[in-house]
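Step one of this worksheet: look at the structure below.
The values are calculated or read from the model by the stated rules, or taken from the named source; none is laboratory data. No experiment lies behind these values; they were computed from the predicted model shown. Quick reminder, even Gly has a Cβ in these numbers, built from the backbone with ideal geometry, and neighbours come from all protein chains shown. Ligands, DNA and RNA are stripped out before the accessible areas are found, and what is left, the full protein with its side chains, is counted by its heavy atoms. Shrake-Rupley method; radii C 1.70, N 1.55, O 1.52, S 1.80 Å.
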Amino acid sequence: MSLRSGPHRRQTFFRVTQVAAVVSPRWSTEESADLYGPDRWGEGYFRVGADGSLLVTPTREPDRATSVVEIVKQLAARDIHPPFTVRFPQILEDRIRRIHESFLRSMDEFDYKSGLRLVYPMKVNQRKEVVQELLRSGDPWNYGLEVGSKPELLSALALETPDDALLIANGFKDTEFVELAASGVELGKNVIVVLDKLDEAHLVTKVLKEQPHKPHLGIRVKLAARGHGKWAESGGERAKFGLTVPELLHALEILKKAGLADRIKMIHFHIGSQVSDIKRIHAGVQEAARIYCKLHRMGIPVDTVDVGGGMGVDYDGSGTASSASINYDMREYTNTIVYTLRTVADEEGVPHPTIVSESGRAVVAHQSMLVLELLKRVPEEMPLDQALPAEGDHRIVHELNESLGGITLKNYPEAYHDALSSRDEAMQRFNLGVLSLSERAKAETLFRAIAAKVLKFADRDDNLTDEFLDLRKMLQHKFIANFSLFQSTPDVWGVRQVFPIMPLTRLDKRPSEFGTIVDITCDSDGEIRRFIDVVDVKDTLELHELDDDPYHIGIFLTGAYQDTLGDFHNLFGRVHEAYVTLDENGRPSVDRLVEGDTVEEVLWLVNWERGELMDLMRDQLRKKARSGLLTDERAAEVIEGFRVALDGYTYLEE
Ligand SMILES: *Cc1c(COP(=O)(O)O)cnc(C)c1O
């Protein structure tokens, strides 16, 4: 039996695109599609359009498409400028439907004789608008919620969910937490309090003794099987949560004694997030299924297995078990869970358990993208015609200029070596005081021009030795983007996550530049230096030459975890958020706009109140005005500018 749903969907791609980016004078939208890979990571939601712009198809109906820059234009008309997040509720709806349908098809295929209940783990993105959209889209399936803290629990209690939708309470608990969770029962919610640690068996028995309405109980088990990669520590014997098998038996004794054994309904596990290898999923489900069956046979009334989260997202589109990818698709994931649960239950002669899934990342990652504008490129280069040697310039400048004119496909390696030693000599002479600043500037400029030409020949020659790969690094630029990496893509910094990034326009033009993307924080870690690649991770991204028109790029698949992990480094605040849907004809409309933080709001986070700041400013201005250093009119202008800025966006506004 094969768990694979179809022919292997992955193909092997070659690195030709990087080379082509430099050499080929012509360029097609297909080449852009291959280079940036939206067909590989976009799950049918993004593709390159014939006009060279990036299209979004939130419902995956190919004709119902719009270019993302059209949305950027609509927002500009409302005076909303990058950086901002665009969310597509239709993508969210499609993800929820796909996951449910995938499970249901797998259950059908394997003749599974029990039900399915999905819950959304709130920690993945608690934004009110996102959760509301999720519950709206999930309503036909009785989509429920999973919480791991009191704030999450309180919001889940307050939200109206379909009758009988699950509310699963995980995480560290105190008396209040358990009491609150139990109150959900009175609201008609199907509450399951999960014991994450042995001592919670004592806590729960103590609290529930007093409660007329008792929730169901689940037990999180600590499996020997674990995930792999960045989040592997969530599973395995050293995991933070879950009961070992001896602890599980002990907990059963405690609950039995308290007369709560009949409330035990569910076995829960979570082997970690972004599990890239399907074998790990299989191993986890198999182990948990055994535990479920053994408990069932002991007479414990368990009828549900919660398989946690962990379904990954193919960020780099490689379809491999590397940390930014997954070696399975959604159907293989659901097939693996359903087939394994059924097989183990049949072997043990136990009814198939109801399946609960807590997939978070795979549900919400695709619906959000970040739109940024690239402001400029550094270093700025001196135009070559200004670097031509003048009479009287040092010999080295002349030599470099001659060398630049004489490079061919046949001599480029020697020419490069000569240029390297000329450059070193130029630096020595400069340090000895022989070369002027202008001569040094010319020598540097000519050397970079030589290096660029050499790189073209090396690429054409397929000469990808270390020496010439280093050249790429040397010639790369930094592109300054108006955003804070710490606020909008914190995982780039925190766990070296790679997200797909690409230009939103000019995809019919050859990207002749390459470089890294730096944010506007004063932190040298605020730089994206790793980019997706099918066979590796690239250290530069191909981009177009900046001109007078705004140049927008998108960072994609940012809907999971980034929103609340983001921080206020340098006091850059939350970005604007636009919720965009497409009508039948593909026309986009901004249904909801949540404006980003103002300067006043981020200052308030660190206890600076507006009134106090205004007073402090006024005091200073008054003193200066009194001593005649400032006119009253000028003081009024300054305070007005200050007031306007407090109401403004924290990012650069031009
Ligand atoms: C984080 C978490 C999830 C969600 O995991 P994803 O990998 O985002 O699907 C599910 N369940 C529990 C208990 C979690 O802690």
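Measuring with a 1.4 angstrom probe and ignoring ligands and nucleic acids, residue 651 comes out at about 10 Å² accessible.
Once the Cα atoms are used to define both axes, helix 610-626 deviates from the longest principal axis of the chain by about 30 degrees. Computed over the stretch 340-473, the Cα gyration tensor eigenvalues convert (square root of 5λ each) into semi-axes of 59, 20, 13 Å, ordered from largest to smallest.
Protection proxy ranking of 204-213, 438-447, by the mean of other Cβ atoms within 10 Å over each peptide's residues and highest first, is 438-447, 204-213. Taking Cα atoms only, the orientation of helix 245-257 departs from the longest principal axis of the chain by about 40 degrees. Using a cutoff of 8 angstrom between alpha carbon atoms and counting only pairs six or more residues apart, the relative contact order for the stretch 309-424 works out to 19 percent.
Listed by chain and number, the lysines whose alpha-carbon sits under 23 Å from that of residue 209, ignoring those within fewer than 8 places in the same chain, are 150, 173, 189, 197, 256, 257, 265. Of the trypsin sites (Lys or Arg not before Pro) found in the stretch 364-430, those that fall in a DSSP loop while having at most 10 other beta-carbon atoms within 10 Å are 410. Nearest 500 deg cm²/dmol is fine: what mean residue ellipticity at 222 nm does the chain get from its DSSP H runs of n ≥ 4 alone, each adding -39,500 (n - 2.57), divided by its residue count? Rounded to the nearest 500, it is -12500 deg cm²/dmol.
Under a 5 Å amide H cut-off, with hydrogens placed 1.01 Å from N, residue 477 pairs with 514, 515, 516 among residues at least 5 apart or on other chains.
Relative contact order of the stretch 178-319, taken over Cα pairs closer than 8 Å and 6 or more residues apart, is 23 percent. Roughly to the nearest percent, how much of the accessible area of the chain is carbon and sulfur, given a 1.4 Å probe? That fraction is 51 percent.
Normalised size of the stretch 218-359, defined as Cα radius of gyration per 2.2 N^0.38 Å with N residues, equals 1.06.
What does DSSP give for the chain in terms of the percent of beta bridges that are antiparallel, rounded to the nearest 5? If we restrict to bridges inside the chain, about 50 percent are antiparallel. Amide hydrogen proximity for residue 483: with H placed 1.01 Å from N in the peptide plane, the residues at 5 or more positions away or on another chain lying under 5 Å are 520. Counting Lys and Arg as +1 and Asp and Glu as -1 over every other residue whose Cβ lies under 9 Å from the Cβ of residue 123, the net charge comes to -2. Using the Cα coordinates of the stretch 379-458, the gyration tensor eigenvalues translate into equivalent-ellipsoid semi-axes of 21, 13, 11 Å, sorted from longest to shortest. The lysines whose alpha-carbon is closer than 24 Å to the alpha-carbon of residue 453, local same-chain residues fewer than 8 away aside, are 376, 410, 442, 473, 478, 509, 538. Put simply, the convex hull of the Cα atoms in the stretch 587-634 casts, on average, a shadow of 6.1 nm².
Judged by the mean number of other Cβ atoms found within 10 Å, the most tightly packed of the peptides 644-650, 271-277, 327-333 leads the ranking 271-277, 327-333, 644-650. Under conditions of 25 °C and 0.890 mPa s, the stretch 50-168 yields 147 µm² s⁻¹ as its translational diffusion coefficient, taking Rh as the Kirkwood radius over Cα pairs in the Stokes-Einstein equation. Across the chain, Cα pairs under 8 Å and at least six residues apart give a relative contact order of 16 percent. Taking Cα centre as origin and charging only the Cβ of basic (Lys, Arg, +1) and acidic (Asp, Glu, -1) residues, the dipole magnitude of the chain rounds to 1900 debye. Diffusion coefficient (Stokes-Einstein, Kirkwood radius over C-alpha pairs, 10 °C, 1.306 mPa s) for the stretch 469-577: 108 µm²/s, rounded to a whole number. Note that the stretch 540-553 has calculated 3J(HN,Hα) couplings of 9, 10, 6, 9, 8, 5, 6, 10, 6, 7, x, 10, 9, 10 Hz, one per residue in order, obtained from phi through the Karplus relation 6.51 cos²θ - 1.76 cosθ + 1.60 (θ = phi - 60°); glycine and proline are x.
Amide H to amide H, with H built 1.01 Å from N, residue 166 comes under 5 Å of 144, 145, counting only residues 5 or more places away or on other chains.
Averaging 1/r across all pairs of distinct Cα atoms in the chain and inverting the result yields a Kirkwood radius of 28.1 Å.
Taking all protein chains into account, the per residue accessible area for the chain stands at 44 Å² (1.4 Å probe).
The 3J(HN,Hα) values that the Karplus relation (6.51, -1.76, 1.60; θ = phi - 60°) gives for the stretch 636-647 are, in residue order, 5, 5, 4, 5, 5, x, 5, 5, 4, 5, 4, 7 Hz. Gly and Pro appear as x.
When each of the peptides 104-116, 189-201 is scored by the mean number of other C-beta atoms lying within 10 Å of its residues, the order from highest to lowest reads 189-201, 104-116.
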